[in-house]
Amino acid sequence: MTKVKPNAFTSTPHMAPLPILLSVSAVAIELSVSTKTVWRLIWRGALPSCRVGRLVRIRAVDLEQFVASGTGS
């Protein structure tokens, strides 16, 4: 019988949950706007985003805060 070595995922049972990341297209659908509008919000700094390699993603939490604030600037 072989013994399994613990790794970073099995040795930390109380790991923080990863944030949900949305694509620009998914955010556009959620907001009922075009992807161009979402890009403008990102470029203006009104909607925070992050890069995952070459991809741009928006955290679901940041989208919720943006909608709750009710501002686009």
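Annotations for the structure displayed:
- Selection count, the range 12-31, where residues are assigned to a loop (DSSP other than H, G, I, E, B) and either surrounded by 11 or more Cβ atoms within 10 Å (Cβ to Cβ) or touching a helix residue (DSSP H, G or I) at 6+ places or on another chain (Cβ under 6 Å) (or both): 2
- In the range 32-55, the residues that are part of a helix (DSSP H, G or I) and under 15 Å from the mean Cα position of the chain (by Cα): 38, 39, 41, 42
Where a number appears in this text, it was derived from the coordinates with a stated rule and is not lab data. The shown structure was predicted, so the numbers you read here are calculated from the model rather than taken from an experiment. No Cβ is skipped: glycine too gets one built from the backbone with ideal geometry, and neighbour counts run over all protein chains shown.
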